[in-house]
1. Can you work out which of the residues in region 280-320 that are in contact with a helix residue (DSSP H, G or I) (Cβ under 7 Å, 6 or more places away or on another chain), in a helix (DSSP H, G or I) and of a type in the set (S, T, N, Q) is farthest from Pro75 (Cα to Cα)?
2. So Ala124 fits all but one of (1) at pLDDT 90 or above; (2) surrounded by fewer than 20 Cβ atoms within 10 Å (Cβ to Cβ); (3) not hydroxyl-bearing (Ser, Thr, Tyr); what number is the exception?
3. Kindly indicate which of Thr97, Thr159, Thr132, Thr171 is among the hydroxyl-bearing types (Ser, Thr, Tyr) and at pLDDT below 80.
4. How many of the residues in region 270-297 are of a type outside the set (Gly, Ala, Ser) and more than 31 Å from the chain's Cα centre (by Cα)?
Amino acid sequence: PNPNPNPNPDLGPNPNPNPNLSLSMSLKDDLGLDVGGAEAEAGSMDRIAGVAVLSAVPMLWGTYAPAVRTIYNLPTPPPSVLLNSLSLSVSFAALSTALTLTRAANPNPNPNADPSADPNPSAASADPSLATTLRYGFELGLYLFMGSSIQLLGLEKTTATAAGFIVQLTTIIVPALEAARGRRPPDSIFAASALALAGVTLLALQGDAAGGAIDADAVTGDLLILVSAGFYSMHVVRLGQIAKQIAPTPLAVAKSLSQFTLSLVSIGGALLFGSPELRDSLGTYLNPATSPLLAGGDEAKVVPLVVLWNGAAVSACVTWAQSFGQRRVDASLASVLYSTQPLFSAGFAYLALGETVNQTGAVGVALLLAAIGLALDPFSKEKGAT
């Protein structure tokens with residue numbers, strides 16, 4: 001047997017103790033294969049997949065405000081706390097079913113792994129515990145629950161068009177929160193965020209222009225929508241950190257469980273401590289003898305359809321898509337991709353509610369499209385370089 005395990009004894013100790021690096025160098029030198037380049041290409045494709053999935057999020061979000069306003073235009077709409085809870089129950093059921101089906105089709109010994117997910121793009125935590133998943137899910141679910149609850153309150157007072165525009169101030173709030181954490185996004189993201197903010201402002205102004213005198217209720221609703229944008233922004237930033245540690249479907253289910261639990265608590269709190277009007281409205285809807293959902297009127301037709309859509313598509317699909325996409329895309333780019341939401345919201349509001357966009361709004365649309373292109377530019381250049 002060779003008494004010297006070093007194949008190059010004249011060189012002294014092995015200068016490269018990393019066998020993977022040796023293999024990579026060997027493949028590159030002997031076969032002309034650039035393993036590092038292949039890994040970079042895989043990472044770039046992973047980012048493209050994240051962008052593609054996240055691009056569907058604003059379209060689904062764009063249906064939310066018009067759908068909710070359709071309910072609030074009914075003679076006897078359900079209180080916002082009940083409407084939120086019904087939608088979240090559908091979302092939790094849909095995501096739980098999806099997780100059960102994927103595990104049944106692909107048994108995995110790790111109870112928190114997602115068989116449908118790509119290999120973990122981050123080595124931060126390849127096998128998170130159930131407690132970790134639930135803890136992060138509760139935090140993210142809390143942000144989403146607060147955002148949706150306050151947004152529903154705002155939609156009672158303002159228009160779907162204005163709400164869709166104002167909530168998109170997340171485009172500027174997210175980079176500000178990222179900078180506060182000491183993480184500077186690419187310079188183009190700040191420029192894109194400024195363009196997006198200008199576009200959203202113009203769209204909001206054109207929405208108010210048709211209203212004439214200032215409506216105090218509408219202003220209150222706009223402010224509530226702005227507060228909800230703050231909670232949504234915190235969710236985007238924190239999700240950018242957490243999504244790299246936990247597979248998309250388990251994290252989505254944990255968030256949905258958190259939201260649904262909080263919605264049940266909010267109903268209990270409304271019944272115990274709410275205003276007399278709120279308690280009466282809840283009692284009317286929860287009592288089978290008086291519930292408009294069972295009376296055969298417009299409420300019985302419209303409310304269930306909107307609840308199913310908002311729960312399954314706007315909540316469940318979006319919750320999973322964000323968890324999937326933000327494993328691959330940073331929070332600042334994600335927030336700019338989300339900024340197309342007002343475009344879809346305005347379109348759906350026109351189709352469902354007859355709301356229109358004037359010349360000022362058209363300029364806002366152009367600025368939003370420019371913001372998206374500017375935000376994606378450094379990533380397209382990176383793709384070309386690889």
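1. Once the filter is applied, the top-ranked residue is Thr319.
2. Only one criterion in (1) at pLDDT 90 or above; (2) surrounded by fewer than 20 Cβ atoms within 10 Å (Cβ to Cβ); (3) not hydroxyl-bearing (Ser, Thr, Tyr) is unmet by Ala124, namely (1).
3. Answer to the check: Thr171.
4. The number of residues fulfilling the criteria is 12.
The values are calculated or read from the model by the stated rules, or taken from the named source; none is laboratory data. Remember, it's a predicted structure, so these values are computed and weren't measured experimentally. Cβ sites come from the backbone with ideal geometry, for glycine too, and all protein chains shown count toward neighbours.
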